[in-house]
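A short reminder: the numbers here are calculations on the coordinates, not readings from a lab. In this text, all values refer to a predicted model and were calculated from it rather than measured experimentally. Virtual Cβ from ideal backbone geometry, glycine too; neighbours counted across all protein chains shown.
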Amino acid sequence: MTRRCHRMRQPVGAWCPCSIGRQGKEESAQFIRVYARSDVARRLRSASRRLRARVLPGRSCRPIGRCAAAPDQRRRATPGRSVPPCRKARSAPLQEVLMTRDIVIAHPVRTAIGAYNGTLKGTPATDLGAVVVRETVRRAGLDPAAVGSVVMGNVIQAGNRMNPARQASIHGGLPVEVPAMTVNRVCGSGAQAVVTAALEIASGLHDVAVAGGMENMDRAPYLMDGGRWGYRMGPAQILDSMLTDGLNDAFSGSHSGWHTEDLVARSQITRAEQDAFAARSQQRFAAAQAEGRFTEEIVAVEVKGRKGIELFSVDEAPRPDTTVETLARLRPAFRPEGTITAGNAPGLNSAAAAMIVAERAFAEKSGIAPLGRLAGFGIAGVEPGLFGLGPVPAVRKALQHAGWSLGDIERIEINEAFAAVPIAVARELGLPEDIVNVEGGAVAHGHPIGATGAILVTRLLHAMKRDGVKRGVVTLCIGGGQGIALALEAA
């Protein structure tokens with residue numbers, strides 16, 4: 001007779017949360033004993049004690065979850081109602097608990113950014129991701145088998161096949177034993193990949209990871225909502241996954257540009273101000289490109305050309321001849337009385353970026369030279385219709401986490417989802433214009449949504465090294481009403 005688990009009624013040997021009978025319980029107990037004596041467990045216990053001493057000064061360390069209030073102040077149960085956690089038993093914030101190891105970023109690279117219907121239109125996002133994964137590991141001189149994890153952002157995943165990050169990892173030369181995860185926080189996906197990798201390292205799971213983002217908006221497929229079971233009489237609709245999964249607000253169904261017009265009205269931003277900022281972005285990016293400032297961060301992509309294989313290594317979306325006068329002639333794109341045009345908004349683009357995220361001691365031991373360290377990060381939610389203001393609370397959270405003030409920021413990259421966004425965010429935060437998007441932004445180079453966060457991190461870290469900047473911030477608004485920000489410090 002087959003022995004079965006007493007709780008899940010599964011045969012012994014099958015998976016079960018109650019540890020599969022006596023044998024499984026003994027194995028679980030052995031694992032717990034080994035883990036309790038491990039270096040990871042000791043580091044986490046030590047970090048927890050230090051953090052509690054900082055958050056609850058003067059109090060003895062207690063196990064997590066035990067109330068720190070006096071007995072007569074503790075909440076008691078009411079019949080039929082659960083007891084909410086005692087407010088006086090506050091533990092350290094998650095970010096403080098996890099960010100107990102010094103996290104550094106090294107060898108950030110990106111592909112050149114392709115224009116819509118441009119050179120990269122036939123190259124899948126996963127192939128672009130593989131190029132940057134391979135290159136960042138190569139530049140670091142890192143054994144591919146030493147990588148603990150790969151985290152890649154990707155937004156428009158329809159048609160990209162199963163787990164795009166896993167494809168980029170394996171095609172990028174990493175062993176099959178290295179796990180990979182795809183993250184989607186819309187426009188903040190590339191930045192979220194860096195945060196996720198950092199948290200994995202900070203928690204002790206790994207010492208080093210690869211993080212980045214990838215997107216090919218040219219290859220976004222069309223969707224047939226009724227195609228699986230067949231259409232009946234009447235017209236049928238085909239949906240554009242670029243819009244449904246990437247650019248349209250999920251709650252209203254309207255384009256993110258349509259909602260940004262509300263932000264423009266709220267912040268009293270004029271059409272002239274947006275056009276001036278857009279022209280500034282184009283001109284500054286073109287000047288930096290002409291000076292060769294992006295050469296070191298770009299890795300060439302092999303593409304099929306008319307004469308065989310060609311190397312694509314120059315951003316092709318910028319329009320350096322853009323002026324305020326030419327922008328003023330463009331019609332509104334989203335509302336008849338609106339101010340947002342194709343000229344003061346970014347294009348639809350394709351690119352990828354990746355970098356090494358590591359614990360500092362591991363990086364030093366492995367001979368990896370970091371460009372910067374992740375001093376803090378912030379993620380926040382706002383009203384979906386005003387998603388463009390998401391960076392405001394996100395930046396404040398990142399600064400609080402890093403222990404910085406607004407005056408400590410020497411340079412900030414605010415993603416130009418629309419020219420109105422950095423204008424509004426800079427006003428809300430009181431940032432001086434001369435530290436905002438110093439070398440242009442997405443209005444010029446484009447916005448490959450799943451990759452942009454990682455691209456901005458790459459651009460800022462290389463710029464900080466070139467210009468001797470010590471502290472910088474990358475922040476992006478996120479469709480659906482969120483914001484993300486990374487506080488970066490020169491290594």
task: Apply the Karplus parameterisation 6.51 cos²θ - 1.76 cosθ + 1.60, with θ equal to phi minus 60°, to every residue of region 135-147 and state each ³J(HN,Hα) to the nearest whole Hz, in sequence, with x for glycine and proline.
output: 6, 5, 5, 5, 5, 6, x, 9, 5, x, 6, 7, 5
task: Would you pull out the residues with amide H under 5 Å of LEU488's amide H, same chain only if 5 or more places away, H placed 1.01 Å from N?
output: ALA375, GLY472, VAL473, VAL474
- prompt: Can you work out the base-10 log of I(q)/I(0) for region 333-393 at q = 0.13, 0.14, 0.20, 0.27 1/Å, using the Debye formula on its C-alpha atoms alone?
  reply: -0.71, -0.77, -0.99, -1.12
field: Karplus 3J(HN,Hα) series, Hz, for region 197-208 with 6.51 cos²θ - 1.76 cosθ + 1.60 (x for Gly, Pro)
entry: 4, 5, 5, 4, 5, 4, 7, x, 5, 9, 9, 8
- request: Would you order HIS171, HIS401, HIS447 from fewest to most other beta-carbon atoms within 10 Å of each residue's own beta-carbon?
  value: HIS171, HIS401, HIS447
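Just to verify a number: FRET efficiency for VAL176 and GLU410, C-beta to C-beta distance, R0 = 45 Å, to 0.05? Display every interim value, and only then the final one.
Values: r = 42 Å, r/R0 = 0.94.
Calculated value: 0.60.
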- prompt: Local charge sum around GLY212 (other residues, Cβ-Cβ under 15 Å, Lys/Arg +1, Asp/Glu -1)?
  reply: +2
Rounded to whole Hz, the Karplus (6.51, -1.76, 1.60) HN-Hα couplings of region 454-471, x for glycine and proline: 6, 5, 5, 4, 4, 5, 5, 5, 5, 5, 4, 5, 5, 9, x, 7, 8, 9
DSSP-loop GluC sites (Glu not before Pro) across region 322-407, with at most 16 other Cβ within 10 angstrom: GLU337
- prompt: Do any trypsin sites (Lys or Arg not before Pro) in region 217-261 lie in a DSSP loop with no more than 15 other beta carbon atoms within 10 Å, and if so, which?
  reply: ARG228, ARG232
query: How big is region 238-300 by the Kirkwood estimate over distinct Cα pairs, in Å?
result: 14.9
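Please arrange VAL178, VAL109 by counting, for each residue, the other beta carbons lying within 10 Å of its beta carbon, fewest first.
On the way: VAL178 20, VAL109 25.
Final ranking by Cβ density, sparse to dense: VAL178, VAL109.
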- prompt: Taking amide hydrogens as modeled 1.01 Å from N in the peptide plane, which residues meet the under 5 Å criterion relative to HIS255, leaving out close sequence neighbours?
  reply: ASP249
query: Counting Lys +1, Arg +1, Asp -1, Glu -1, what net charge surrounds ALA125 among other residues with beta carbon under 9 Å of its beta carbon?
result: -1
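Determine, from the Cβ-Cβ distance of GLU316 and GLU433 and an R0 of 25 Å, the FRET efficiency 1/(1 + (r/R0)^6), rounded to the nearest 0.05. Present the calculation step by step, with values, prior to reporting the outcome.
On the way: r = 28 Å, r/R0 = 1.11.
So, using R0 = 25 Å, E works out to roughly 0.35.
Test of understanding: what is the full-extension gain from LYS307 to THR295, defined as 0.36 nm times their sequence separation minus their Cα-Cα distance?
Between LYS307 and THR295, full extension yields an extra 1.9 nm.
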query: When only DSSP loop residues count, what GluC sites (Glu not before Pro) in region 182-291 have their Cβ near at most 15 other Cβ atoms within 10 Å?
result: GLU291
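Between LYS465 and ALA265, how high is the FRET efficiency from 1/(1 + (r/R0)^6) when r is the Cβ-Cβ distance and R₀ = 35 Å? Nearest 0.05.
Details: r = 40 Å, r/R0 = 1.14.
The pair LYS465/ALA265 has a calculated efficiency of 0.30.
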- prompt: Percentage of Cα-Cα pair distances in region 358-411 greater than 17 Å, rounded to whole percent?
  reply: 53
- request: Please list, in chain and number order, the residues 5+ apart from LEU371 or on another chain whose amide H is under 5 Å from its amide H, with Hs placed from the backbone.
  value: ILE105, ALA106, HIS107
- prompt: Once you put a point 7 Å from the Cα of ARG138 and another 7 Å from the Cα of ARG284, both along the Cβ direction, what distance in nm separates them?
  reply: 3.2
